[in-house]
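First comes the structure, then the notes that go with it.
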Amino acid sequence: MIAILDYGSGNLRSAQRAFELAHSQVVVTNDPKICEEAQGLVVPGVGAFAACMDQLIGVGGREIIAARVAKERPIFGICVGMQVLFDSSNEKKNCDGVGVLQGEVDLINAPLLPHMGWNNVSAPSGSKLFQGVEDEMFYFVHSYAAKTKVPNALNTTCEYGEEFIAAVERDYVVATQFHPEKSGDAGAKLISNWVASL
Amino acid sequence: MTLAKRIIPCLDVAGGRVVKGVNFKDLVDAGDPVELAKKYGLEGADELTFLDISASVEERATTLDMVRKTAEQVFIPLTVGGGIRSAENVNELLRAGADKVSINTAAIARPQLINEISDRFGNQVLVLSVDARRADTKSGFEVTTHGGHQSAGIDALAWIEEGISRGVGEILLNSMDADGTKAGFDIEMLRAARAVSSVPIIASGGAGKLSDFGDAISAGADAVLAASVFHFGDLTISDVKKELAKAGFPIRA
């Protein structure tokens, strides 16, 4: 089973349907037991970092993520759901994240924000997540991003104004700054790559 | 690596059906919204926009249902506009599967609505739809309401700047002079809007022939929206993208 963490943020229905293309059992829930024990946990997220963190904390999301980390169970963060996995963000005010990924989330230095639309990424060799979709475009919509490569991880980068981290793969933690559930066939392939790795 | 210029088919919806007319008049049936959305998704649309042009209170449930069905079948970003008057309306649409919402009349009546939506959901969900036409105002362009029939008494460029400062993440600039004419986008208006906008601009109104799209992008549009040329089969999204690629613009193949 794949659980999509419902903490009131994100386009949960689209995420659910997109993951259902790759897996027969996908639930949207914030039940701690289901979220901790599912084969894979998806952490979505849309909106401002601090508001998302508040909502995540409100449903016990930090504890759920910590419990999965302790047992090395797969987690997939999407967009702000990726950002909250980092140590902190300075969007609007300084705010702590969950701290599963080392680094901070910062404003992208580009003349036109948000970074909105389809962009290429540069995936490192050996990426399981991007297998078969290395040269595809993915849908981004954000103004903030992590800019320093996460240590001991496969870092996929994107460039818009400057280089930033588009995706991270580190053992059981996977995260994308773009929205695979909104990235058409390329996104569907990426999701099925993750599901196949569970 | 370059951000692709987006091609966005717009589906004007009334009573659960896609409709199209000239200058918002003489509406004719153009099909089922979910079927058309699927078709455009397959043809390579980069996003989809639904505008509920009836936008009556009674039809909100119909719209939510349509958004839900579309989001379950089409895996590209979906913007929904029409009749949004509160942050709670936005919440309903996002939960049904919309990725962005566009607001227009309600923001003119109460600009604070922009702040309320942006503070709660972030500026990336909020598109300010500006129905503008040429007029004797400071910039030479004014905002209209009621489908271009009435002046809102606001300068269009000043409104764009105010919208951005209040928290919109994108501008949908619809030329009411060009809408439905198929005579090309209002290039001067796009250039003028580009000069004052720090967020992406979607050009709308006037698409007729292939070269119109590249002209809008050259004038500063980040995305181009069109309705009737796609609905009635004059052009396909693939035709437009091929033409743009040939002209050297970055597109998603």
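Tabulated results
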read-out: For A:E134: the one exception among (1) under 24 Å from A:Q39 (Cβ atoms); (2) out of contact with any strand residue (DSSP E or B) (no Cβ under 8 Å at 6 or more places or on another chain); (3) of a type in the set (D, E); value: (1)
read-out: One residue from B:G214, B:G220, B:G248, B:G206 being closer than 26 Å to B:R17 by Cα and either of a type outside the set (S, T, N, Q) or not in a loop (DSSP other than H, G, I, E, B) (or both); value: B:G206
read-out: Strands (runs of 3 or more DSSP E) fully within region A:122-198 counting 3 or more residues that are of a type in the set (V, I, T); value: A:173-176
read-out: Residue satisfying condition, being within 14 Å of chain A (Cβ to nearest Cβ) and buried (at least 22 other Cβ atoms within 10 Å of the Cβ), within set B:A216, B:A223; value: B:A223
read-out: Residues (part of a loop (DSSP other than H, G, I, E, B), touching a strand residue (DSSP E or B) at 6+ places or on another chain (Cβ under 7 Å) and closer than 30 Å to B:D234 by Cβ) located in region B:169-186; value: B:M176, B:D177, B:G180, B:F185, B:D186
read-out: Subset of region B:203-246 (residues that are among the hydroxyl-bearing types (S, T, Y) and more than 17 Å from the chain's Cα centre (by Cα)); value: B:S211, B:S218, B:T236, B:S238
read-out: Test: residue in region A:142-150 that is more than 14 Å from every other protein chain (Cβ to nearest Cβ) and within 20 Å of B:N123 (Cα to Cα); value: yes
read-out: Residue tally, condition out of contact with any Lys or Arg (no Cβ under 6 Å at 6 or more places or on another chain), surrounded by 17 or more Cβ atoms within 10 Å (Cβ to Cβ) and not acidic (D, E), over region B:228-249; value: 7
read-out: Test: residue in region B:166-177 that is over 30 Å from A:G47 (Cα atoms), surrounded by fewer than 21 Cβ atoms within 10 Å (Cβ to Cβ) and not acidic (D, E); value: no
read-out: Qualifying positions in region A:86-111 - in a loop (DSSP other than H, G, I, E, B) and either touching a residue at least 12 places away in the same chain (Cβ under 8 Å) or in contact with a Lys or Arg (Cβ under 8 Å, 6 or more places away or on another chain) (or both); value: A:N90, A:E91, A:K92, A:K93, A:G97, A:V98, A:G99, A:V100, A:I108, A:N109, A:A110, A:P111
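Every number here is computed from the coordinates shown, using simple stated rules; none is lab data. All values reported here derive from a predicted model rather than from experimental measurement. Ideal geometry is used to build each Cβ from the backbone, glycine not excepted, and the neighbour counts take in all protein chains shown.
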